Amino acid sequence: MRFVWAWLLYTWGGLHRYFGIQNSMAREFERAIHYFSRAYEVDPTFRAARLHRGILLGRELGRFDEAIADFDALLKEDPTYYLALFNRGMMWMENGRYPQALADMETYLTQSDPSDENWPDAQRIVRLLQDLDTNAEE
C-alpha cells in the first residue's frame with residue numbers, strides 16, 4: 001500500500017512538472033518538488049521520486065546545489081545507480097564543472113548498459129569534454 005501511495009504522489013508531481021513546463025510557471029515546479037519529496041518520504045526505496053526531484057531542481061529551477069545533493073544522496077545509498085550518476089554529470093557540465101562531469105560520465109559508461117537510452121549522449125559528452133580538456137592544455 002505504501003508504494004501505491006508513493007506512486008500516486010509521484011504521478012501528481014509529474015503532472016505539476018508538466019504544467020510548469022507547458023506554462024513556464026515556477027509555482028508548478030515548486031508543487032512538483034513537494035509531491036516528489038512526499039513520495040520519497042512515504043517510500044524511501046522509491047528512488048525515481050528523488051531522482052526526478054533532483055532533475056527538476058537543477059534543470060527547471062537552477063537550484064544546482066540542491067540537485068547535486070539529491071544525486072549525491074542517491075549515489076551514497078547505491079553507488080551503482082547509474083541514472084543518478086548520469087544526471088549529476090549533466091548538472092556538473094551545465095554549471096561549468098567539466099572535470100567532475102567527465103569523471104561522472106566515464107563512470108556511467110563503465111557501469112551502465114550500452115542499451116540504456118542515455119548511453120549515446122554520454123559518449124558524445126565524454127568526447128566533447130575530452131576535447132575541451134585537450135584544447136585547454138594547448
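FYI, it's all coordinate maths here, none of it is from the lab. No experiment lies behind these values; they were computed from the predicted model shown. So basically every Cβ, Gly included, is an ideal-geometry build from the backbone, and we count neighbours across all protein chains shown.
Observations on the model:
- Relative to the dominant Cα principal axis of the chain, helix 82-94 is inclined by about 70°.
- Percent of alpha-carbon pairs separated by more than 19 Å within segment 9-89: 31
- Distance cut-off 19 Å, percentage of C-alpha pairs in segment 79-138 lying past it: 22
- Residue order, fewest to most beta carbons within 10 Å, for PHE19, PHE36: PHE19, PHE36
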